[in-house]
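Visitor: Shown below is the structure under consideration.
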Amino acid sequence: MLFSFVLHLFQCREGGVRVDAAYERALGQRIRAFRGQHGLSQEQLAARLQKNGCDITRSALAKIQAGQRHIYADELACLCRILQVSCDDLLIKYPKKRPFGAFLRLACTP
């Protein structure tokens, strides 16, 4: 699943990628839920991310959780290590009626 996510991110070289806002909010909610299961505040999780080489602030983490900021592949991988979950657990799984690809829209702007 992570490979699929990263592949979608790199398919558009010129203009960038726009991920569906509902998907980003759902991903943020899952991050918040796993963070809560570990009893970590945003500040504590951001500190652990920084100690593991991931340059992210509490404010950036809050924006990711709110679906207001994209998450990068290296941030996702580091989150998975710290929260002790697989990428498949963290990334949202949708029913077959709405496949993963349907929630990612690539927007290439010249």
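Each value in this text was obtained by applying a stated rule to the coordinates, not by laboratory testing. None of the values given here were measured: they were computed from a predicted structure. Because the Cβ atoms are built from the backbone with ideal geometry, glycine has one as well, and the counts that use them run over all protein chains shown.
Visitor: Treat the count of other C-beta atoms within 10 Å as a stand-in for reagent exposure and order 23, 72 from fewest to most.
Guide: Working: 23 18, 72 14.
Fewest to most other Cβ atoms nearby, the residues stand as 72, 23.
Visitor: Counting other C-beta atoms within 10 Å, which of 55, 20 has the fewest, and how do the rest follow?
Guide: Values: 55 10, 20 13.
Ranked by crowding around the Cβ, least crowded first: 55, 20.
Visitor: Taking 0.36 nm per intervening residue step and subtracting the Cα-Cα distance, what contour gain separates residue 55 from residue 88 on full extension? Walk me through the intermediate numbers first.
Guide: On the way: separation 33, 0.36 × 33 = 11.88 nm, distance 2.28 nm.
Using 0.36 nm per residue and subtracting the Cα-Cα distance, I get 9.6 nm.
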